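All remarks here apply to the structure that follows.
Only the coordinates and a few stated rules stand behind these numbers; no lab work does. Quick caveat: nothing in here was measured; it's all calculated off a predicted structure. For neighbour counting, all protein chains shown are included, and Cβ atoms are generated from backbone atoms with ideal geometry for every residue, glycine included.
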Amino acid sequence: MKMSNNTILITGGTSGIGYALAAQLLERGNTVLITGRTEEKLATVRQSLPGVHTYVSDVSDPAAIRRLYSDVTRAFPDLNVLVNNAGIGRKLNSPW
């Protein structure tokens, strides 16, 4: 994969693996967009990663996913990479 001059959307980019990927891909000359569930976390990331584009979105909300798709494809028609990093956790009762 070409590692520069891409437009990349990373879901769950406010911490952990998503944040680390965003930082590395920005350094390589990409346009990087991230999602997070709260504006507060996204604001913190914007301060530490100048140039990152942010969107409030929650992958557990189907309407939020549709809005994200609409907003991102309108603003960044050259989007060519998706890193589907965000997930939904479920707590299960297990006998183990």
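Here are the numbers for the structure shown:
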| read-out | value |
| --- | --- |
| Summed side-chain charge close to Thr35 - residues other than Thr35 whose Cβ falls under 15 Å, Lys, Arg +1, Asp, Glu -1 | 0 |
| Dipole of the chain [Lys/Arg +1, Asp/Glu -1 at C-beta], most positive-end residue of Ser4, Thr54, Pro95 | Pro95 |
| Kyte-Doolittle mean at least 0.0, axial Cα span of 15 Å or more - DSSP H helices of the chain | 16-27 |
| For the chain: Kirkwood Rh in Å [reciprocal of mean 1/r, alpha carbons] | 13.9 Å |
| Net lengthening on full extension, Ser48/Asn80 (0.36 nm per residue, minus Cα-Cα) | 9.1 nm |
| Estimated dipole of the chain in Debye, rounded to 20 [Cβ of Lys and Arg +1, of Asp and Glu -1, Cα centre] | 180 debye |
| Full-stretch length increase - Met3, Thr38 - with 0.36 nm per residue and alpha-carbon distance subtracted | 9.8 nm |
| Distance (nanometres) between label positions extended 7 Å along Cα→Cβ at Ala64 and Glu27 | 2.9 nm |
